[in-house]
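For reference, the structure is listed below as structure tokens.
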Amino acid sequence: MNISQTIIEYAYKNNGMINASDLKEMGILHGNLDYLVKKGELEKVSRGVYILPDIWEDELYNLQSRFKRGIYNLETALYLYDLTDRTPSHYSMAFPKGYNLKNPKSESVFCTQENEVFYAKGVSSVKTPGGNIVQSYDMERTICDLIRKKNSLDIQLVSESLKRYMRRTDKNIPKLSEYSKILKVDNKLRIYMEVLM
């Protein structure tokens, strides 16, 4: 099998997408990607991210491929866990404190920064609608973060998300309670839960 076939086969196994960094790890030179783009066998969707021409671009996977330290949160995480009917108007990602946000912001990503202690708390793998795996905060952390978001708290969104969460068989109330204490939203969460009960 030649190098071009190896790249195309790898892309098919990876839901039609390939990153230049993946090829670098395999010892394949970047010029091979440019060659396949010129031949029309791959399309470049952003810096270092390529897809097969017959594949629908997975923006969520694409963004996380470029901003590897970004973790989907807030409304984007709700969408990924089907805790809302709303499709996000923009994607939300959390980054560690001190991370340069210039590039994600230039891609219209809503960015938040977290202290190292909170940044890694509740990270989970979730499947995008395109079938790719991305990193997001889990459902319990997402609900607590939504309540913690003081400036633009959407009460209707929180209520809808909590109702959907409570109907799920994979909910984890002890974890939700633990996160609410760590993130100091336990009193507010209790009020929402009392209204729902």
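The values are calculated or read from the model by the stated rules, or taken from the named source; none is laboratory data. Everything numeric in this text was worked out from a predicted model, so none of it was measured. No Cβ is skipped: glycine too gets one built from the backbone with ideal geometry, and neighbour counts run over all protein chains shown.
Tabulated data for the structure shown
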item: Any hit, the range 66-80, residues being part of a loop (DSSP other than H, G, I, E, B), charged (D, E, K, R) and within 15 Å of Asn132 (Cα to Cα); result: yes
item: Every residue from the range 87-128 that is part of a loop (DSSP other than H, G, I, E, B) and touching a Lys or Arg at 6+ places or on another chain (Cβ under 7 Å); result: Tyr99, Asn115, Lys121, Gly122
item: Subset of the range 182-197 that is touching a residue at least 12 places away in the same chain (Cβ under 8 Å) and part of a helix (DSSP H, G or I) - its residue that is surrounded by the fewest Cβ atoms within 10 Å (Cβ to Cβ); result: Val195
item: Number of the condition not met by Tyr179 [criteria: (1) part of a strand (DSSP E or B); (2) out of contact with any Leu (no Cβ under 7 Å at 6 or more places or on another chain); (3) buried (at least 16 other Cβ atoms within 10 Å of the Cβ)]; result: (1)
item: Failed criterion for Lys149 (all others in (1) modelled with pLDDT of 90 or more; (2) surrounded by 15 or more Cβ atoms within 10 Å (Cβ to Cβ) hold); result: (1)
item: Residues of the range 11-60 classified as among the aromatic types (Phe, Trp, Tyr) and surrounded by 16 or more Cβ atoms within 10 Å (Cβ to Cβ), total; result: 1
item: Residue in the range 134-148 that is free of Cβ contacts under 8 Å to residues at least 24 places away in the same chain and not in a loop (DSSP other than H, G, I, E, B) present; result: no
item: Residue in the range 107-116 that is at negative phi and among the small types (Gly, Ala, Ser) present; result: no
item: Gly40 vs. criteria among the small types (Gly, Ala, Ser) and at positive phi; result: yes
item: In the range 94-111, residue farthest from Tyr72 (Cα to Cα) [restricted to those that are hydroxyl-bearing (Ser, Thr, Tyr) and either outside the structural domain of Phe67 (by TED's automatic domain parsing) or exposed (fewer than 15 other Cβ atoms within 10 Å of the Cβ) (or both)]; result: Ser106
item: Check on Gly70, out of contact with any Asp or Glu (no Cβ under 6 Å at 6 or more places or on another chain), closer than 23 Å to Cys144 by Cβ and surrounded by 16 or more Cβ atoms within 10 Å (Cβ to Cβ); result: yes
